[in-house]
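Here is the structure we will look at.
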Amino acid sequence: MKNIISINHKLNNYKKKNIKVDGDKSLSIRFIILSSISKGKCIATNILKSEDVISAIKSIKKLGIKIIIKKSKCEVYGKGLFGYSYKKNLILNAGNSGTTARLLLSVLVDAKKKIKITGDSSLKKRDMNRIIVPLKKFGVKFKSNNGKLPVYTSGSKLLRPINFYEHLGSAQCKSAVMIAALKTFGVTNIKSLPSRDHTEIMFRHVLKVPIIIKKKKNYELIKIKGLNEFKSFNYKIPGDISSASFFIVLTLLSKNKSLLIKNVNVNPSRTGIIKILNLMGAKIKFINKKKYKGENIADIFVRSAKKLKSINLSPKLNSSAIDEFLLIFLVASKCNGVSIFKNLSELNKKESKRLNWGFKILKLIGVKTKRLNTHGIKIYGKPKLNLNKTYIIKNYLKDHRVFMVSVIAALSLGGSWKIHDSDSYKTSFPAFIKILKNLGAKINE
């Protein structure tokens, strides 16, 4: 059958293995966007060559920026803060990438002509108002489909600094305001709930732009002084912890296995899944730790868990693991006891309604679950869970994480699986299937 994979065997082959995962997607997209407004030639090694990153590259090239992709590196020839070429009737397609769409809107605040930003059918269902509302305050004009793509944007000649409260805990929203502030005269002030801080780190340690960050107990204050050109830079992109997480959970749920995942970005704002899994009985360690341009890098060591325990998770950890909750739910299905997760409305604003899909997958494999209001889930773990039926996953809007967690469920829990839209993983992790096969997985494509 076309575009369907079949898995009928647990993964039994590897006992001690070392692997590397693809480059960090968040850093790859930020490199493309920020290098394009630098002054000169920037080089990134280990850039992620996924569909999401390619969408960012294609869009920036349409703005007159030269980008060359080679085997191990990406070269971007930046033209400065105001170096883009704005053609008539320009259309930029972000594909499936919310990060690309939102950061493009932020970097186009000075666009001299109207530009259309669009994406695939899944991305067109996602909220862009969280970016449109603050960017309007800078003086930018927008026309949209009720806050959804396609969005038409035209910039302002007189961009003004703003004061903005980011109350969603969205790194994309915070980053969009920060990038727009670079093109603005004066100081922009942001009060933000905790979220990923890659953009702040790149501003301070890579671009050297004037930025002040004050971390408070429940929020952070950011000040950015605009209209400061920055020089070209080079960047070695570490492995993506979201990609590594699939192999961490696979090892954790399998028997007699250990795995070392090398050179991974372990930024504290991204390691929520490690903290949560260790609270559930895992013993995951960071070794060979080092700093690179403000980011924390390490090798991750994980071994099979003999016993996993349930968790009543504090919502304070949600933002640092927001992309990994489907995997966390899968681990909870094998725990001893009842796990509770709350305040996860953000999951249903992703590529698919992931909270709903987590509920569906657990029901499908026979795990008792209950919804808590509309934004939480209670999972009754089954430590001896061992699947032997046929399971079909389809109609999930080609959400790469739904696809990949289904593959991990098949390889760790057993059963006969047929998973549709088998190219979904290529939006974020092109090497996913290849690495699994190198570990001994039997996957029929």
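Figures for the structure shown
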{"item": "Whichever residue in region 364-376 is modelled with pLDDT of 95 or more and either touching a Ser or Thr at 6+ places or on another chain (Cβ under 6 Å) or polar (S, T, N, Q) (or both) and, among such residues, is surrounded by the most Cβ atoms within 10 Å (Cβ to Cβ)", "result": "VAL367"}
{"item": "Candidate set: region 184-220, residues that are among the acidic types (Asp, Glu) and either under 20 Å from PHE233 (Cβ atoms) or not assigned by TED's automatic domain parsing to the domain that holds VAL109 (or both); chosen: the one surrounded by the fewest Cβ atoms within 10 Å (Cβ to Cβ)", "result": "GLU200"}
{"item": "Leading residue by the ranking (surrounded by the fewest Cβ atoms within 10 Å (Cβ to Cβ)) among those in region 81-100 that are of a type in the set (Gly, Ala, Ser) and more than 18 Å from ARG130 (Cβ to Cβ)", "result": "SER85"}
{"item": "Scan of region 98-153 for residues that are part of a loop (DSSP other than H, G, I, E, B), touching a residue at least 24 places away in the same chain (Cβ under 8 Å), out of contact with any Pro (no Cβ under 9 Å at 6 or more places or on another chain) and over 28 Å from LEU227 (Cβ atoms), ordered by number", "result": "ASP120, SER121, SER122, ARG126, ASP127"}
{"item": "Residue that is at pLDDT 95 or above and more than 23 Å from the chain's Cα centre (by Cα), where the choices are ILE211, ILE201, ILE237, ILE190", "result": "ILE211"}
{"item": "Filter result for SER416 (on the phi < 0 side of the Ramachandran plot, outside the structural domain of ASN46 (by TED's automatic domain parsing) and under 15 Å from the mean Cα position of the chain (by Cα))", "result": "no"}
{"item": "Matching residues in region 253-300 - criterion: being under 22 Å from the mean Cα position of the chain (by Cα), farther than 28 Å from VAL206 by Cβ and in a helix (DSSP H, G or I)", "result": "ILE276, LEU277, ASN278"}
{"item": "Residue in region 230-242 that is outside any loop (DSSP other than H, G, I, E, B), over 28 Å from PHE429 (Cα atoms) and assigned by TED's automatic domain parsing to the domain that holds LEU159 present", "result": "no"}
{"item": "Residue check, LYS353 surrounded by 17 or more Cβ atoms within 10 Å (Cβ to Cβ) and free of Cβ contacts under 8 Å to residues at least 12 places away in the same chain", "result": "yes"}
{"item": "Single unsatisfied condition, ILE201 versus (1) outside any strand (DSSP E or B); (2) touching a helix residue (DSSP H, G or I) at 6+ places or on another chain (Cβ under 8 Å)", "result": "(2)"}
{"item": "Residues located in region 23-38, provided they are more than 15 Å from LYS61 (Cβ to Cβ) and in a helix (DSSP H, G or I)", "result": "LYS25, SER26, LEU27, SER28, ARG30, LEU34"}
{"item": "Selection within region 379-418 - assigned to a strand (DSSP E or B) and hydrophobic (A, V, I, L, M, F, W, C)", "result": "ILE379, LEU387, ILE392, ILE393, TRP417"}
{"item": "Residues of region 337-378 classified as assigned to a helix (DSSP H, G or I) and of a type in the set (A, V, I, L, M), total", "result": "5"}
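The values are calculated or read from the model by the stated rules, or taken from the named source; none is laboratory data. Everything numeric here is computed off the predicted structure, so don't read it as measured data. A quick note on method: Cβ atoms are made from the backbone with ideal geometry, for glycine too, and the neighbour counts reach across all protein chains shown.
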